[in-house]
Every structure is written in structure tokens, then in C-alpha cells.
Amino acid sequence: MRADLRRHARVLVKRFRRKQVKSGYYTWLYMLIEALERAACDVRLNDFKAARANPDHPIGVVGYRTIFDKIDTLANPRLIGPGVYPSPLENPSLFDDARNRLYVSTCQWHSDMFRPFYGDRLRRWFGGFDVNRFENSKDHDKEFDVMIYDKIIFQRDENYRKTIQPFVTFLDSSNHRYTMIRYGDYIDEDYIEQLKACRSMAFFCHSETQGMAYQECLSMNIPIFAWDEGIWPHPDSFKINPSGVPCTSVPYFSDRCGMRFKAEDMLKKWPRFWAGLPNYRPRDFVAETLTFERSAELYLSAYRELCPSVERLTCGSG
């Protein structure tokens, strides 16, 4: 009860301050629940009583690492993820606990990073989208040519100087109209409203394991110009791989969605991206690739490995 009150209080404070309310992990949780309910699953959220009454029945473990403290007394087999660990070095011995059976990864580069540690225990999943929830804003009145989405976190000053700063200078000199938004400093409703008024997005992010914000943009039929250097800048990156962990900022993307660039060729590629704006079809890509149906299929396929006869599903979140 107290935990629920604290959570609701945090939400209210963030809304008052115009901050993002839900983290990516919690967004994944709700996307997973919806996908499973659409597939006619009986989903139990944090139903510890049911889990204890059925100790052979697997539980889904979603969220932050703190969840393990909450479920430590449960004997149930576990399907872990999405979420929990951004780096395999945070728990390379995860499967020493026999209850931990499989680990859910949300994109290819993330799976490749975890594979040397978790081997054949990895399973793929993504959060699904219903594009009908998003306005096809292609023909919406446009106030801005570009929304600059700033999600630069690691080596922020250096990377900002190499990317957003020269990009803004270029836009100013070429009379492009733009608006800017920074990750964590907005609420979802404001973000969607601003997107409607933009012809494109310039997405500045080091890496994503799914990237719900940019996929919402694609769902609205707004093409993306995506900064994609290709090496994970997390402090663990060069501990895992001497050359750095290969990654991408747009793990679900195609030529229909827009164009990738590196800092060194950003201004060279922009004119090609801008000239091709009418030809991109990002909404079609999301509608065909990131469906709730496929999301449920992927998760249930992994779950059935632990429980071939699925009658109800208990999910835990932390």
C-alpha cells in the first residue's frame, strides 16, 4: 500500500514538473501486458499469492534489479526481462540461481552483447505498437521542419559539440525551422502534440534497445534522421569488448523510416534525407514490423519453454 502511494506521488510530482512519468522499463511492462491480454492471456500483476500457490508455474520478471529482493522467497521458475540489466557485467552469474531460466532481450545488438555471458538462455522480444492510436500526421499543418530530440547522455559536452551544436548552426543558416526536446524533460502528451507540427525528427541518441519515443514518431509517419555512431558508450562497453560493444540508436529501422548518419557525415547526408522526405513510409514499417500480435507470440514462445501448458500468466515488476 505504501509503495503504491509513493509511486502515485512520484507520478503527480513529475506531471507537475512536466517530466516524463514512466521509465522505459515500466513502459515495456505495460506494452507486454497489453500484448498478452490481446492474445487472451490471463495476466496477473504482482500476484504473489497465486505464485506461491503454484510454485511450478513460471513467473515473468520485468523491471529493475530490485525486483529480485521482492521475489526471493518465491520458488517459481523465472522468465527474466525485458529490463533488469543494461549490461551483462551487472550479473554475469544470473543463471547460477536455478530458478532463473531464460532472459528476454529486446534487440539484436543487445542479444549479441549478452550472448557470451548468457549463451542459449537468451530470447528476443519487443514492445508492440498499434499505429491506429497515433495520428498519421503527414498531412497535418507543419510549423517546424525538424524536431531535434536530444538524448545525449554519455560524454554529453563532447558529443553535443560534435552533433547538435553544428546541426543547429546549420539549420539556422539554411532557414530551417526547428524545435528541440530533451529526453526526460517532457510529458508524453506534449511530445506528441509537438511532433504533429514537425516534418521530420533529428534523433540524437547513443543507443537504444528498443526506442519507444522514436517509434512513436515513426508511427505518426514522421521520418527520422538518426545519429548512429555504432559503438555503445556505456562504461562497461570496453570491458566487454576491447573494441567497444557494437550498437545502434535505432534497432528497428529501415530505408522506409529515414536515414542514419555519423557525426562526421551529418551535414553531408542531411540534404539527401531532406530531399527524400516525401518518399519515406515510416508508419507502414511500424504497422508491419512492430505489432502487438508478434510481440505476444515472441514472449509466449519463450514462456511456453518453461510452461508448455499456459493457462494463466503471472507477471512481476520491480
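What follows is calculated from the coordinates using simple rules that are stated; it is not laboratory data. Fair warning: this is a prediction, and the values are worked out from it, not measured in the lab. Backbone-built Cβ (ideal geometry, glycine too); neighbour counts: all protein chains shown.
Annotations
- Debye intensity ratio in log₁₀ form over the Cα atoms of the range 28-171, taken at each q of 0.15, 0.20 Å⁻¹: -0.93, -1.24
- Scaled to the globular estimate 2.2 N^0.38 Å, the Cα spread of the chain, given as radius of gyration, is 1.05.
- With only the Cα atoms considered, the range 196-318 has a convex hull volume of 161 Å³ per residue.
- Relative to one another, the C-alpha centroids of the range 23-78 and the range 231-290 are positioned 32 Å apart.
- Working note: Karplus 6.51/-1.76/1.60 with θ = phi - 60° gives the range 193-203 the couplings 5, 5, 4, 4, 8, 10, 7, 7, 10, 9, 9 Hz, where Gly and Pro are set to x.
- Under 5 Å between amide hydrogens, built in the peptide plane, is the criterion, and for R101 it picks out R78, I80 among residues at least 5 positions away or on other chains.
- Vicinal HN-Hα couplings computed from phi for the range 140-146 (Karplus, 6.51 cos²θ - 1.76 cosθ + 1.60; Hz; Gly/Pro x): 5, 4, 10, 9, 10, 7, 9
- For T291, residues with placed amide H under 5 Å, excluding near neighbours: F129
- Our coupling estimate for the range 71-80, obtained by passing each phi through the Karplus curve with A = 6.51, B = -1.76, C = 1.60 and θ = phi - 60°, is 10, 4, 7, 8, 8, 4, x, 10, 9, 9 Hz, Gly and Pro reported as x.
- Calculated [222 nm] ellipticity per residue, helices only, for the chain: -11000 deg cm²/dmol; basis is -39500 (n - 2.57) per DSSP H run with n ≥ 4, divided by all residues, nearest 500.
- Our summary gives the chain a relative contact order of 25 percent, counting only alpha carbon pairs under 8 angstrom and 6 or more residues apart.
- Residue separation of D42 and N241 scaled by 0.36 nm, minus their Cα-Cα distance, works out to 67.5 nm of gained length.
- The range 251-307 pair-distance distribution - Cα-Cα, 5 Å bins, rounded %: 4, 16, 17, 16, 13, 10, 8, 8, 5, 3, 1
- Estimated translational D of the range 106-166 in µm²/s (Stokes, Kirkwood radius over Cα pairs; 25 °C; 0.890 mPa s): 151
- In terms of surrounding Cβ atoms within a 10 Å radius of their Cβ, I224, I240, I152 rank from fewest to most as I240, I152, I224.
- Those chymotrypsin sites (Phe, Trp or Tyr not before Pro) in the range 117-203 that DSSP places in a loop and that have at most 13 other beta carbons within 10 Å: F154
- Of the residues V131, V286, the one with the fewest other Cβ atoms within 10 Å heads the list, and the complete ranking is V131, V286.
- Residue order, fewest to most surrounding Cβ atoms within 10 angstrom, among V43, V84: V43, V84
- Restricting the calculation to Cα atoms, every distinct pair contributes to the Kirkwood radius of the range 129-244, found to be 15.3 Å.
- Taking each residue as 0.36 nm, the span from R272 to F154 lengthens on full extension beyond its C-alpha to C-alpha distance by 39.6 nm.
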